[in-house]
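Okay, so here's the structure we're looking at.
Please treat every number below as a calculation from the coordinates, not as lab data. What you are looking at is a predicted structure, and each value in this text was computed from that prediction instead of being measured. Please note: Cβ atoms are built from the backbone with ideal geometry, for glycine as well, and neighbour counts cover all protein chains shown.
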Amino acid sequence: MTPSRRARALATAVAAISLATCTSAPAVPPFDATAESAKLLRRDAEWADLATAGKDVDRIVSYWTDDAVLMEPGQPPIEGKAAIRSFVAKSLATPGFKIHWVSQPPTFSPDGKLAYMRGADETTVPGDKGGTVTLHSQGVSIWRVDADGQWRCVVDIATEAAPPASAAKR
């Protein structure tokens with residue numbers, strides 16, 4: 001190869017490398033934790049309101065991912081949407097049953113694809129001697145952004161809440 005052909009080949013290679021390194025993937029907007037926190041808290045509150053109303057099993061269950069796991073006190077894990085749907089339907093069909101929760105602001109993974117929220121639940125169930133009893137629990141829900149861009153709960157864990165500080169001192 002002559003020196004001028006080598007120079008042209010080298011110049012062509014440098015130009016090709018320069019073009020390859022200059023083209024980049026489309027810019028991904030930065031994760032806005034404040035906006036996503038508001039969005040997720042709104043979604044969670046809508047879910048809690050639907051559950052409290054207790055009228056639409058399918059809409060309530062739609063807030064969980066297909067592979068979700070639900071862990072309730074004293075029960076084996078409930079895995080998958082079909083099992084969760086059955087659990088929700090049975091719960092809502094129980095006379096006197098009612099549930100509501102309030103969640104705290106979420107904490108996000110660095111990439112903004114996962115979040116967890118602590119929360120407090122009140123569940124009313126039939127009592128041992130008739131009537132109803134209200135149970136208080138605390139929990140953690142783990143959420144992820146599904147392929148459709150919607151936040152859904154993937155793990156939902158509830159435990160019995162500690163007694164209020166005033167009751168613990170008695």
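Shown for LEU92, LEU135: other C-beta atoms within 10 Å of each C-beta, ranked fewest to most, produce the order LEU135, LEU92. The fraction of Cα-Cα pairs per 5 angstrom bin, counted from 0 for the stretch 68-170, comes to 2, 11, 16, 22, 20, 13, 8, 4, 2, 1, 0 percent, rounded to whole percents.
Between THR134 and PHE31, the contour length at 0.36 nm per residue exceeds the alpha carbon distance by 33.1 nm. When only the Cβ of Lys, Arg, Asp and Glu is charged (+1, +1, -1, -1), the dipole of the stretch 29-168 relative to its Cα centre reaches about 220 debye. Shown here for the stretch 76-157: chymotrypsin sites (Phe, Trp or Tyr not before Pro) in loop regions (DSSP other than H, G, I, E, B) with at most 15 other Cβ atoms within 10 Å, namely PHE97.
Note on the stretch 82-170: dipole from Cβ charges, positive end direction compared against THR107, VAL154, VAL140; the farthest Cα belongs to VAL140.
Each residue, VAL102 and THR159, gets one label point 7 Å from its Cα in the Cβ direction; the gap between the two is 2.2 nm.
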